[in-house]
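Asker: The following block contains the structure, expressed as structure tokens.
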Amino acid sequence: MRALLVIPTVFILVTVVFIVMRATGDPITAALGGKLPPAQLAEAIHNAGYDRPIIVQYFEYLGQIFTGNFGTTLSDNRPVVEVLVTYGTATLELAFYALLVAFIVGIPLGMVAAYVRDRWGDAVLRVFAILCYATPVFFAGMLLKLVFSVWLGVLPVAGRASTGSELEMQFLPFSTGIYTIDAILTGDPAVLGDVLRHAVLPAIALGLLTAGVFLRLVRTNVIGTLSTDYVDAARSRGVAERRLVTKHAYRPALIPIVTVIGLQIALLLGGAVLTETTFEWKGLGFMLAEYLQARDFVAVQGIVAMLAVIVALTNFVVDIIAALIDPRVRY
Amino acid sequence: MTATTTSATPVAVPKRRLRDRLPVAHQLRQSVGLQRGMLVAGLVITGLFVLTAIFAPLLAPYGFAQLRGEDGAFGSQQAPSAEHPFGTTVGGYDVLSRVIWGAQTALLVIIVAVIASIIAGVLLGLVSGYFGGWFDRVLVVVCDAIYAFPSLLLAIALSIMISGGQSSLWGGILAAALSITVVFIPQYFRVVRAETVRIKAEAYVESAKVLGASNGRIMFRHVLRNATRTLPLIFTLNSSEAILTLAGLGFLGFGIEPTAAAEWGYDLNKALSDVTSGIWWTSLYPGLAIVLAVLGITLVGESLNDLADPRLRGRRRVAQAAGQVAETSVVPGGTLSAGPGGLDGLESGESFDEHGIEVKR
């Protein structure tokens, strides 16, 4: 039942993207308007087929997406799918490290907050969680850069790797685009260290955003499970409160996290656009911002539509995982 | 939490004093200890933010687009000094003034965005939940789809659509606000629709139908006023999200032109390259302004949320608070006694002050 919902969701999202992006006019006028004489402009529009009825264009667009064709960028004339494959790996890598940071920070702190609930430690942790949410990722990124890269000089300012490491990775016979894996493939520990050092600040900036969400979620759920019957039963058998939190209450409290990760994907992607711009991390978000600056709306439409499909599919997968973990959830 | 609503006799509901019925004042009295501390801190910060926004013209030493004072141009990237306590930006603006004026822009965007999304979301949720049918189903799927989508990307796409990406003061504020609106409509829609579906099955709606009340009357008089109690909570959470979305848009270059209004996200975008050369004042202050504004509003929202959830409410006054849950129940005096007394209570507007967000179920 739930599986069937993915199709209309994807359909609605690509339709919304189409309507929104095309409501104001055609992409060629947006990109080149004023730069070309009107006659040439009209010809370019005609050649691209943007002078046909909008409904025809819409169905053509749907058909193209159905066959996996998300269009070709105007500014550098590359298929959007190629852009995704080239830069998507960088975003994937960033998202992975960010989630790692979020787990490492959010879950233990959430359990601590539940353990010391309604005391000072709890208040401090909750304000910390709110601060994680309240700090825009780009501001967090700039502060981290300022302290660790400029003042202390211990971590690189921007980018995914230094030029030397990138050169070394170029000579790989097989490149995944995921720098961590590529760096391991080179077999040079210096390259791996360099790649990891570049990932630290962006991962923290983006990860803290999600860490705050996890912290609050774990805290609320652990507090909830602490008052259930089976925890009461364990408590009455004399199990220590600390052990109740770490062993009994925490596992069921993690189930909602799996579901929330689905929603976090959307937040992470939005945050990735900002993080990548801040750290010049050449991923999808960075490219999206570049295409926005260049007013290349074909590329923007393609990338956004594709991200929509990814979000919908991830949510679907997450739902299935949640069902597998939790026997109570059945679709 | 409805255990106290089961008294069989029609209860004369004492009219609560005004200070109890004010939305936040009630929670303030109900809260205790740390929770109260967080709520008060949030209220103070939010109050400062609103005051700064309103009195920006008086507080700011210079205009937001002012480049020169009495003794010539301000100069670019000047370190903090007596004339410019927060320094100047790369474009030669006074940072302090732009931080102060930025509060005004943020507040305007919040107001426009939240009001527009409340009106649209509440209306759609009400109609959709009340009438049901295929219209309802389609709307639910559409809203779920939009809800799952990265809101910043949606806002970017919308701001391109609304303003073509570049903006004047009101154009920019409207574009930012409306982009945020579309992102928020699903949230209001979901909440109001869920409440409407629940309330639709209540006995007093049935009786209103039997009495021959029109659909419009039932929707707006009986259902709407009961379906809105979680709105203040979403309102606060959305306000903070609105600030963040606005800043995100500004940071990506979809903000408001510096000559049209001051916007924190735009200033941070311009400060990005300053950071590398160790210039900290151009990014620190606008960033802190965002953090503080969002922090204040979120603290209020979080506290309201906790006080709404009996599991999370401070323990000491739970018993006392439980007594008040009955008061704010959908039908005053309890659903079982919703005879004329209960309906009368509804008609007189007794239970509709929005403070009653504590009764989720």
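Each reported figure results from applying straightforward, stated rules to the coordinates on display, with no laboratory input. It should be emphasised that the depicted structure is a prediction, and the values quoted were computed from it without experimental measurement. Counting neighbours? That spans all protein chains shown, and the Cβs are built from the backbone with ideal geometry, glycine included.
Asker: Using alpha carbon centroids, what distance separates the range B:119-142 and the range B:36-90, in Å?
Answerer: Computed from Cα coordinates, the inter-centre distance equals 44 Å.
Asker: Restricting to Cα pairs below 8 Å that are 6+ residues apart, what does the relative contact order work out to for the range B:37-313? Please round to a whole percent.
Answerer: 27
Asker: For the range A:62-207, go through all pairs of different Cα atoms, get the mean of 1/r, take its inverse, and jot down that Kirkwood value in Å.
Answerer: Numbers: mean 1/r = 0.0553 Å⁻¹.
Roughly 18.1 Å, rounded to one decimal.
Asker: Provide the FRET efficiency to the nearest 0.05 for the residue A:67-residue B:51 pair, computing r from the beta carbons and using R0 = 60 Å.
Answerer: Working: r = 57 Å, r/R0 = 0.95.
Between residue A:67 and residue B:51 the formula returns 0.60.
Asker: Would the range B:37-313 count as rounded, prolate or oblate if I go by the C-alpha gyration tensor, calling it rounded below 1.5 in a/c and otherwise prolate when a/b exceeds b/c, oblate otherwise?
Answerer: Because a/c hits 1.5 or more and a/b exceeds b/c, the range B:37-313 counts as prolate.
Asker: So what's the projected area for chain A, the Cα convex hull averaged over all directions, in nm²?
Answerer: 22.1
Asker: What is the calculated FRET efficiency for residue B:198 to residue B:137, with r their C-beta to C-beta distance and R₀ = 22 Å, to the nearest 0.05?
Answerer: Result of the calculation: an efficiency of 0.80.
Asker: So for the pair residue A:162, residue A:42, with labels modelled 7 Å out along Cα→Cβ, what separation do we get in nm?
Answerer: Distance between label points: 5.8 nm.
Asker: At 7 Å along the Cα-to-beta-carbon direction for both residue B:288 and residue A:76, put a label point, then send me their distance in nm to one decimal.
Answerer: 3.9
Asker: Here's a follow-up. Considering only the other residues whose Cβ falls under 12 Å of the Cβ of residue B:256, what net charge follows from Lys and Arg at +1 and Asp and Glu at -1? Let's see the in-between values first.
Answerer: Working: positive: B:98; negative: B:257, B:263, B:267.
Neighbour charge sum, excluding residue B:256 itself: -2.
Asker: Right, next: Across peptide A:122-135, what mean number of C-beta atoms from other chains lies inside 10 Å of a residue's C-beta? Walk me through the intermediate numbers first.
Answerer: Details: counts 1, 6, 1, 0, 6, 6, 0, 2, 12, 4, 0, 9, 13, 7.
What the average comes to for A:122-135 is 5.
Asker: What does the charge add up to near residue A:203, with Lys and Arg as +1, Asp and Glu as -1, over the other residues with Cβ less than 14 Å from its Cβ? Could you put the intermediate results ahead of the total?
Answerer: Working: positive: A:145, A:160, A:197; negative: A:93, A:276.
Net charge in that neighbourhood comes out at +1.
Asker: Right, something else. Can you list the residues of the range B:52-66 with backbone N under 17 Å from a point 7 Å past the Cα of residue B:83, pointing along Cα to Cβ?
Answerer: Correct set: B:61-66.
Asker: Neighbouring Cβ atoms within 10 Å as the yardstick, rank A:151, B:134, B:280 fewest first.
Answerer: On the way: A:151 11, B:134 7, B:280 20.
Ranked by crowding around the Cβ, least crowded first: B:134, A:151, B:280.
Asker: Can you tell me the relative contact order of the range A:62-168? Whole percent, Cα pairs under 8 Å, sequence separation 6 or more.
Answerer: After rounding, I find 8 percent.
Asker: Same structure, new question: Under 13 Å from the Cβ of residue A:179, count the other residues' Cβ atoms, weight Lys and Arg +1, Asp and Glu -1, and hand me the total.
Answerer: The answer is -3.
Asker: Give me A:142, A:21 ranked fewest to most by other Cβ atoms within 10 Å of their Cβ, as a rough exposure proxy.
Answerer: Starting with the residue having the fewest Cβ neighbours, the order is A:21, A:142.
Asker: Please tell me the relative contact order of chain A in percent, rounded to the nearest whole number, where contacts are Cα pairs under 8 Å and at least six residues apart.
Answerer: 29
Asker: Order by neighbour count: A:267, B:244, fewest other Cβ atoms within 10 Å first, most last.
Answerer: Ascending number of Cβ neighbours within 10 Å: A:267, B:244.
Asker: Let me ask something else. Which residues in the range B:126-155 have a backbone N closer than 17 Å to a point placed 7 Å from the Cα of residue A:11 along the Cα-to-Cβ line?
Answerer: B:134-146
Asker: Using a 10 angstrom cutoff on alpha carbons, build the Gaussian network for chain A and name the most mobile of A:284, A:109, A:152.
Answerer: The residue with the greatest mean-square fluctuation here is A:152.
Asker: Using a 10 angstrom Cβ neighbour count of at most 10 plus a DSSP loop assignment to flag exposed trypsin sites (Lys or Arg not before Pro), which longest range of chain A is free of such sites?
Answerer: A:36-236
Asker: Can you tell which of A:63, A:106, A:285 shows the greatest fluctuation in a Gaussian network model of chain A with Cα springs below 10 Å?
Answerer: Top of the fluctuation ranking is A:63.
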